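Input: a single structure, listed below in structure tokens.
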Amino acid sequence: FIFGLEHGYVGSIEHRYARIGAEDDETVERNARKFVEAVSKRDKQSVASLMGYPVRANGVRGDKIINTAEEFLKDYDRIFMPEFSKAISKSRPYHMFVTKYDQALLDGGLVAFSGYGKVAMIMNWNK
């Protein structure tokens, strides 16, 4: 076996999200908190405002690129099914894992955030 580092952090504890291009960590975590709260309340407009379009939505019902807020709102219920929304509601939107693909992942990789604190990818594998 050969073991290698696939994921890790670049930067420091003071600037956890430097690798994803964040100018400050608070912006990423504040928007992640807003996202979790909006999903918990089923506030579709607020969730739509936290997307960094275009957004990739991956899941058991297929993959899709969503280009606008209007398009996102049409697909909201297909993406944010009850089990997925519940999982996001339980997430801790701080000290997120940073991938080698330059995204910060909400618990379990459900949602990926860019350095601007906007949602870059949604990964709903719930049936």
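The values are calculated or read from the model by the stated rules, or taken from the named source; none is laboratory data. Everything numeric in this text was worked out from a predicted model, so none of it was measured. Neighbour counts are summed over all protein chains in view; Cβ atoms, including those assigned to glycine, are modelled from backbone coordinates with ideal geometry. Just so you know, the surface numbers come from the protein's heavy atoms only, side chains and all, with ligands and any DNA or RNA stripped out. Shrake-Rupley method; radii C 1.70, N 1.55, O 1.52, S 1.80 Å.
Is it the case, given these coordinates, that Phe80 is surrounded by 14 or more Cβ atoms within 10 Å (Cβ to Cβ) and within 14 Å of Ala120 (Cα to Cα)? Working first, answer last.
Working: surrounded by 14 or more Cβ atoms within 10 Å (Cβ to Cβ): yes; within 14 Å of Ala120 (Cα to Cα): no.
Here the answer is no, as Phe80 does not meet what is asked.
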**Message:** For a quick check of your reading of the model, give me the residue pairs whose first member lies in segment 84-95 and is in a helix (DSSP H, G or I), whose second is open to solvent by 100 Å² or more (accessible area, probe 1.4 Å), with beta-carbon atoms closer than 8 Å and at least 6 apart or on different chains.
**Reply:** Ser85/Arg42
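In segment 61-77, what residues are among the small types (Gly, Ala, Ser) and either assigned to a helix (DSSP H, G or I) or open to solvent by 80 Å² or more (accessible area, probe 1.4 Å) (or both)?
Pass one, segment 61-77, residues among the small types (Gly, Ala, Ser): 62, 69.
Ala69 - this is the single residue of segment 61-77 that is among the small types (Gly, Ala, Ser) and either assigned to a helix (DSSP H, G or I) or open to solvent by 80 Å² or more (accessible area, probe 1.4 Å) (or both).
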**Prompt:** Of all residues in segment 31-60 being in a loop (DSSP other than H, G, I, E, B) and under 15 Å from Leu110 (Cβ atoms), which is least open to solvent (accessible area, probe 1.4 Å)?
**Reply:** Leu50
**Request:** Could you grab me the full set of residues in segment 81-98 that are within 25 Å of Ala22 (Cβ to Cβ) and either touching a His at 6+ places or on another chain (Cβ under 6 Å) or not hydroxyl-bearing (Ser, Thr, Tyr) (or both)?
**Result:** Ala87, Ile88, Lys90, Arg92, Pro93, His95, Met96, Phe97, Val98
**Prompt:** Considering segment 83-96 alone, what residues qualify as being in contact with an Asp or Glu (Cβ under 7 Å, 6 or more places away or on another chain), among the hydroxyl-bearing types (Ser, Thr, Tyr) and open to solvent by less than 20 Å² (accessible area, probe 1.4 Å)?
**Reply:** Ser91
**Item:** Scope segment 14-30; condition in contact with a strand residue (DSSP E or B) (Cβ under 8 Å, 6 or more places away or on another chain), more than 16 Å from Met121 (Cα to Cα) and assigned to a helix (DSSP H, G or I); matching residues
**Value:** Ala18, Arg19, Asp25
**Message:** Going by what's in this entry, would Gly4 be described as at pLDDT below 95, surrounded by 14 or more Cβ atoms within 10 Å (Cβ to Cβ) and of a type in the set (Gly, Ala, Ser)?
**Reply:** no
**Prompt:** Conditions: (1) on the phi > 0 side of the Ramachandran plot; (2) modelled with pLDDT of 90 or more; (3) not acidic (Asp, Glu). Val47 meets all but one. Number of the miss?
**Reply:** (1)
